[in-house]
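Chemist: I'd like to ask you about the structure that follows.
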Amino acid sequence: MHPQTAPVTRTPIRVAAGARAHLLSTPSSPTAPKAARDFVRAVLRRTPLVPLLDTAVLLTSEAVTSSHLRTPRSADILLRMLTTGHGLRISVHDEAPVRFPRPAPVAGDPEADHGLLLTARLADDWGTTPFGGLPRSASLWFELRLER
């Protein structure tokens with residue numbers, strides 16, 4: 001769901017709530033999306049977050065594929081996953097320059113990033129966070145939460 005329309009019925013992810021960080025750095029290559037999918041599967045299979053596994057893998061694959069397509073092979077893609085007892089946050093960062101603000105995806109727009117459309121539809125919350133380094137880049141992040 002889009003952040004402005006997401007229901008407020010679920011508890012947001014909080015780092016202070018015992019979140020555990022998992023990191024993957026992979027070269028921007030055609031195998032990067034598979035490496036990211038395998039990483040997310042391996043982490044989530046060992047947690048009570050298994051019900052979120054398929055959606056997390058799909059959205060991660062879309063985000064990493066988009067990063068790979070926008071970056072040179074010399075770049076790295078960083079995936080950071082925070083897990084808690086009730087949900088997860090995944091962020092994907094690359095060094096490709098971006099325009100801010102990044103517009104919200106609109107269904108039916110032929111120019112729309114389909115990965116962002118899926119993220120807006122399936123994630124409980126999502127957004128982009130600017131990275132202050134050079135080149136000016138951003139992280140795409142999304143949250144998935146278990147029903148309480």
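The values are calculated or read from the model by the stated rules, or taken from the named source; none is laboratory data. Just so it is clear, the model here is predicted, and its values are computed rather than measured. As a convention, Cβ positions derive from the backbone with ideal geometry for all residues, glycine included, and neighbour counts pool all protein chains shown.
Chemist: Is there a residue being modelled with pLDDT of 95 or more and among the hydroxyl-bearing types (S, T, Y) anywhere in region 62-72?
Modeler: no
Chemist: Give the residue, chosen from T60, T47, that is closer than 20 Å to L122 by Cα and either in contact with a strand residue (DSSP E or B) (Cβ under 7 Å, 6 or more places away or on another chain) or assigned to a helix (DSSP H, G or I) (or both). Break it down into steps so the answer makes sense when it comes.
Modeler: Working: T47 fails: closer than 20 Å to L122 by Cα.
After applying the criteria, what remains is T60.
Chemist: Could you tell me whether any residue of region 7-18 is touching a Lys or Arg at 6+ places or on another chain (Cβ under 9 Å), modelled with pLDDT under 90 and either crowded, with 18+ Cβ neighbours inside 10 Å or among the charged types (D, E, K, R) (or both)?
Modeler: There is at least one residue in region 7-18 that is touching a Lys or Arg at 6+ places or on another chain (Cβ under 9 Å), modelled with pLDDT under 90 and either crowded, with 18+ Cβ neighbours inside 10 Å or among the charged types (D, E, K, R) (or both).
Chemist: Mind checking whether some residue in region 67-87 is in a helix (DSSP H, G or I) and buried (at least 21 other Cβ atoms within 10 Å of the Cβ)?
Modeler: Kept after step one, since they are in a helix (DSSP H, G or I), are these residues of region 67-87: 67-70.
Next cut, buried (at least 21 other Cβ atoms within 10 Å of the Cβ) only: 67-68.
Yes: one or more hits.
Chemist: For A36, state whether it is under 13 Å from the mean Cα position of the chain (by Cα), closer than 13 Å to I90 by Cβ, free of Cβ contacts under 8 Å to residues at least 60 places away in the same chain and in a helix (DSSP H, G or I). Before you say what the answer is, go through the steps one by one.
Modeler: Numbers: under 13 Å from the mean Cα position of the chain (by Cα): yes; closer than 13 Å to I90 by Cβ: yes; free of Cβ contacts under 8 Å to residues at least 60 places away in the same chain: yes; in a helix (DSSP H, G or I): yes.
It is true that A36 is under 13 Å from the mean Cα position of the chain (by Cα), closer than 13 Å to I90 by Cβ, free of Cβ contacts under 8 Å to residues at least 60 places away in the same chain and in a helix (DSSP H, G or I).
Chemist: Right, another one. Could you grab me the full set of residues in region 91-125 that are more than 20 Å from L52 (Cβ to Cβ) and at pLDDT 60 or above? Don't jump to the end; show me each part of the working.
Modeler: Just the residues of region 91-125 that are more than 20 Å from L52 (Cβ to Cβ), to begin with: 93-114.
Across region 91-125, the qualifying residues are H93, D94, E95, A96, P97, D113, H114.
Chemist: Okay, next question. Can you name the residue in region 126-147 that is surrounded by fewer than 20 Cβ atoms within 10 Å (Cβ to Cβ) and either among the charged types (D, E, K, R) or assigned to a loop (DSSP other than H, G, I, E, B) (or both) and, of all such residues, is modelled with the lowest pLDDT?
Modeler: Looking at residues that are surrounded by fewer than 20 Cβ atoms within 10 Å (Cβ to Cβ) and either among the charged types (D, E, K, R) or assigned to a loop (DSSP other than H, G, I, E, B) (or both), I get L134.
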